[in-house]
Structures are given as C-alpha cells and as structure tokens.
Amino acid sequence: MFKGKFDFNLDFLKMKSPSLVGVDISSSSVKMVELSKAGKAGDSFRVERYVIEPLQTDAVQDGAIVNMDAVSEGIQRGWKRLGSSCKKIALALPASDVITKKIVVPAGQREDDLEFQVENEASQYIPFPLDEVNLDFQIIRALPNNPDEVEVLIAASRKEKVEDRVAASLTAGLKTIVMDVESYAAQTVYELLKNQFPGGGDDQVTAIVDIGATVMKTNVLHKGESVYMRDQPFGGDQLTQEIHNQFNLSLEESEKAKRSGNLPENYQADVLQPFCETLAIEVMRAIQFFYTSTQYTEINYILIAGGCAAIPGLDKIIASRTQVSTLVVNPFSNMELSSRIIPRQINNDAPSLLIACGLAMRSFDSL
C-alpha cells in the first residue's frame, strides 16, 4: 500500500529510505522493529533490534491518540531502548480510520491525468470534503480480461488522524517517511509466511486474528487480498480486569502480574482458562459473521497475533472451538537474528510485533 504517486499534501510519503524503523502505536504500547537484508544474495531478512514500550493507560483510545504527550514520551522511551541510530520511521493507521475503494481506469494514463481521475472518483465515495482528508492511490494490476484497463486502490483518511501520529513521532525526535494501514502491514508479513502453507497459500482462505488490549481485529485473506474485515471490542484488558477482580490487585498490578506470570495457583483454572474459552467464542463469532456476510463457506487457517496470542495453548482452544487449523503468528520464523536478540524472548513477543514487522519491511520497497 501507498506506493503510488502522492500529491494531496502527502509529500512525506513520496520519500524512500534504505532504513526505516517500523513503529506500531497501539492502545497499550509502542512496538518498534528494525530489519536489514541478509543472506549472500540479500534475499532474506535479519532482525536487528526491536522493543515493546508500554504506554500510559488511555493514551490511545479506539485507535486515536488522546494524550499526545504520553504517546510522544512513550515513542521517545522506546526509541532510546531500541538503541538504533535510524530516526526515520514507518507508521500505520487503523483500518477503521481509512476509507478504501477500488476503481477501474484506462491503462497507460499520464500521472497527472490519473491523479485527476482519482480525485474525482474519491469525491463520490468519501463523506468529507477532500481538503479535510489525506488521499492516496496505488495501481494494483491490469485486468486479466481487459489489459487496456487497470484496477486502482484509493485510500483516504481524515487529516487529523495522520497528523496526530506524525506529530507524536516528531515530538519524540523521529521523522515519518511512510504512513501505511495496519491491515496492509499485516498482509505484507503474510506474504512472507504463506509459503509455509500447502500450495503457497494463494488458494487458501486465511483469517488473521489480531487480539490486542481492547480490540480483536479479524482480516480474512484470499489470493493475497483482503476479502473481509471486522473489529470486535474484546482483548487482553478483559483478562487484566478479571485478575483485578479475582485477586484484589490494582489494575496496574494486575497487568504486571499477567505479564510476569506471578499469580496464585488457581489463576490458570479460575481466570485464564475461562478467558481463553471466551476468546475462542469471540473468534468463532467473527468467523460466523464472515460466512454470513460473504460467499465464502470455509476458512482453511486462522493465524492469531497480538499479545494474547502468546498465551500457551490458546491456539489449540481456538482450533477446537472453530474446527479450523490455528497457528500462532511469528513474522520472524524465517529470519536471522542479530546477536543482540534473545531467541526465547523474541519468540514470546513475536505475535505482538506483526504490524511493526510489516512496517519495517517498507524499508525495502525501493530495492
């Protein structure tokens, strides 16, 4: 996404960089990943460094930055911990903040003519004045049955959504080079992972379920394209709340205990297991909505990501409930690791780094 020509007050998107840090700003933390090329032919990746920096509670709500100072400070702390000299970053917006539309236009147009047509088409689908949005487009492909026409993806977001993320990063001393969409960043990683599936995954229907602190995001892919997306208000904060209720801890203490595993013996049976069962029901509900909303009748794989995906055995519980093969996402499974990376730690953190990894891969767009 965002590889076309941009002219609608999006000049920072035009720039390329040989090195970018992928920065995912979520409701609970700032996640950063830096990659480099590896292998003799430079055909693989190496994880140079990464960091997960917790954010102040309620600094980000429903994908929107509501406490700019807290987010800027979190980004700055994360970058210092990362230990990178690179100050150029790639960010992403939640898919819910971006309006997308596919259009068909004649092939071979001059860039100026294509931009004019995109702007005219966008005005029909975007419920805001165009001077209030950032607009972008990308030529996807020539139509198989008509090579004289191409399919173009238009993406637009309210300017304040883009500007808030850029401003938070700028205050932290970092420069935004790329603004992507979270769902497209996840798809970028899926392109790396799909070779692990039979037939390269192209003919498979795969649901990526990203379980964050407050929202569970489902993105179903077929032939490398998203065919369905849905957000549900469910996430790891419910588990924190249950720990708080059960063990008489503050919410902050409950979050720390959840991450460290320092909880009483009955935590597993009385709190964690019921939470996992409820989460599996939410995943099943998302799949049922997918079936009733589309022509598809089968999902071949569920890939779970986000902080909750690291819960031991969650993949088996979801697979049992949904009767769909379920795997925990590890975007780094085929990557080299730098000497500064602790393998056991990154394996535990990997499901949370799906978006940040996809953003870091934008470093290699121009290669």
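The values are calculated or read from the model by the stated rules, or taken from the named source; none is laboratory data. This structure is a prediction, so every number in the text was calculated from the model and none was measured. As a convention, Cβ positions derive from the backbone with ideal geometry for all residues, glycine included, and neighbour counts pool all protein chains shown.
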Task: Residue list for region 85-135, restricted to those being touching a helix residue (DSSP H, G or I) at 6+ places or on another chain (Cβ under 7 Å) and among the acidic types (Asp, Glu) - done: Asp97, Glu119, Glu132
TODO: For region 282-297, state whether one or more residues are among the aromatic types (Phe, Trp, Tyr) and under 25 Å from Asn347 (Cα atoms).
DONE: no
TODO: With the condition kept exactly as written, say whether any residue in region 12-25 is out of contact with any helix residue (DSSP H, G or I) (no Cβ under 6 Å at 6 or more places or on another chain), at pLDDT below 95 and crowded, with 16+ Cβ neighbours inside 10 Å.
DONE: yes
Open item on the list: Within region 274-286, does at least one residue satisfy the condition of being in contact with a Gly (Cβ under 8 Å, 6 or more places away or on another chain), of a type outside the set (Lys, Arg), farther than 22 Å from Ala186 by Cβ and surrounded by fewer than 23 Cβ atoms within 10 Å (Cβ to Cβ)?
Closed with: yes
TODO: Within region 288-296, identify whether any single residue is buried (at least 20 other Cβ atoms within 10 Å of the Cβ), in contact (Cβ under 8 Å) with a residue 12 or more places away in the chain and touching a helix residue (DSSP H, G or I) at 6+ places or on another chain (Cβ under 9 Å), and answer yes or no.
DONE: no
TODO: Scan (1) small (Gly, Ala, Ser); (2) outside any strand (DSSP E or B); (3) buried (at least 21 other Cβ atoms within 10 Å of the Cβ) for the single condition Ala257 breaks and write down its number.
DONE: (3)
Open item on the list: Can you find a residue that is more than 12 Å from Val209 (Cβ to Cβ) and in a loop (DSSP other than H, G, I, E, B) anywhere in region 351-359?
Closed with: no
Task: Cross-chain or 6+ apart pairs with Cβ under 6 Å, region 42-58 first and at negative phi, then part of a loop (DSSP other than H, G, I, E, B) and of a type in the set (Val, Ile, Thr) - done: Val47/Ile341
Open item on the list: Tally up the residues in region 24-51 that are within 29 Å of Ala95 (Cβ to Cβ), outside any loop (DSSP other than H, G, I, E, B) and not charged (D, E, K, R), please.
Closed with: 12
- [ ] State the number of residues belonging to region 326-350 that are in contact (Cβ under 8 Å) with a residue 12 or more places away in the chain and either assigned to a loop (DSSP other than H, G, I, E, B) or closer than 21 Å to Lys316 by Cβ (or both).
- [x] 17
Open item on the list: Is it the case, given these coordinates, that Gly74 is at pLDDT 90 or above and touching a helix residue (DSSP H, G or I) at 6+ places or on another chain (Cβ under 9 Å)?
Closed with: yes
Task: Selection count where residues are part of a strand (DSSP E or B) and touching a residue at least 60 places away in the same chain (Cβ under 8 Å), scope region 82-99 - done: 6
- [ ] Could you please let me know if Tyr301 is surrounded by fewer than 16 Cβ atoms within 10 Å (Cβ to Cβ) and of a type in the set (Phe, Trp, Tyr)?
- [x] no
- [ ] Could you check Arg230 against (1) touching a strand residue (DSSP E or B) at 6+ places or on another chain (Cβ under 6 Å); (2) loosely packed, with under 14 Cβ neighbours inside 10 Å; (3) basic (Lys, Arg) and say which number it fails?
- [x] (2)
TODO: For region 209-251, enumerate the residues that are of a type in the set (Asp, Glu) and either assigned to a strand (DSSP E or B) or free of Cβ contacts under 8 Å to residues at least 24 places away in the same chain (or both).
DONE: Asp210, Glu225, Asp231
